[in-house]
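The values are calculated or read from the model by the stated rules, or taken from the named source; none is laboratory data. This one's a predicted model, so the numbers in the text were calculated from it and none came from an experiment. Here the Cβ is made from the backbone with ideal geometry for all residues, glycine too, and neighbour counts use every protein chain on show.
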Amino acid sequence: MRYLVISDIHANIVAFDAVLAHAGDAFDKIWCLGDVVGYGPYPNECIDRLNEYDHLCIAGNHDWAALDKLDVDEFNANARFAVLWTREQLSAPHIEYLSSLPLHQLQDDVFTMVHGSPRHPIWEYILYPNVAHINFRHFDTPYCLVGHTHNPMVFLEAETVDSVCEMVVPELDVYTQALQNRRLIINPGSVGQPRDGDPRAAYGLLDTAAMTFEIRRVPYDIEAVQALMKQHDFPPKLWNRLAFGY
């Protein structure tokens, strides 16, 4: 099977459509690692687009916040604006969809899927080897797929008890990680709001026959998204950051 692995769409249908077009017919099913909504101006549209495909999706912190399942005061001012705005936009069917999302998925006893981390699925960021190192103890499968950080990364489990896991940060337009003997934590990056200094949408392609995971980047029409965000009086930081990938 071939899977399009995506995370943190963040209500950015323009970036999502660019990813779908770029991936073409290279996948049979979508695995989404959460945060379909939040930050961006197209929450209902992104849910609708996802539902056009055979897919699995898990809940992210912004999905929960849109449902009032998280305290909005735990978010910074810009994120809080986006949460409250999103709540006003969501229709009943879209609320029902978000409410149905589980916190984690286990596929074929091989892949664990969570938004933040296996230790804390909603909130924890895995950005550094020491955090990843601890989290390897919190899942039993060979591979764990995560999102939340908006940074594409791969962590390889430590080979000895007295060493720390290794971190790989993809620097190419297409990075290929072989799925071999070492356990891995893989983050495909963000579709709708990258934060690694590269504004292009990021996504993953998992091939379970070849046992490879590709992380790819694709440009999209950022100005079109910014224009709608300005129209709805989004805070400047939320639309400015799209152009710089931070």
| request: Please work out if R137 is farther than 20 Å from C57 by Cβ, surrounded by 15 or more Cβ atoms within 10 Å (Cβ to Cβ) and either more than 16 Å from the chain's Cα centre (by Cα) or not aliphatic (A, V, I, L, M) (or both). | output: no
| query | Has segment 118-132 got at least one residue that is within 15 Å of V5 (Cβ to Cβ) and free of Cβ contacts under 8 Å to residues at least 60 places away in the same chain? | reply | no
| Search result, residues across segment 83-130 that are assigned to a loop (DSSP other than H, G, I, E, B), touching a Gly at 6+ places or on another chain (Cβ under 9 Å) and hydroxyl-bearing (S, T, Y) | Y125
| request: Starting from segment 150-172, take each residue that is at pLDDT below 90 and list its partners that are assigned to a loop (DSSP other than H, G, I, E, B), counting only C-beta distances under 7 angstrom and pairs at least six apart or across chains. | output: V164/A158
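Residue-by-condition table, conditions (1) among the β-branched types (V, I, T); (2) exposed (fewer than 12 other Cβ atoms within 10 Å of the Cβ):
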{"residue": "V174", "(1), (2)": "yes, yes"}
{"residue": "I185", "(1), (2)": "yes, no"}
{"residue": "Q193", "(1), (2)": "no, no"}
{"residue": "R200", "(1), (2)": "no, no"}
{"residue": "A209", "(1), (2)": "no, yes"}
{"residue": "R217", "(1), (2)": "no, no"}
{"residue": "V225", "(1), (2)": "yes, no"}
{"residue": "F234", "(1), (2)": "no, no"}
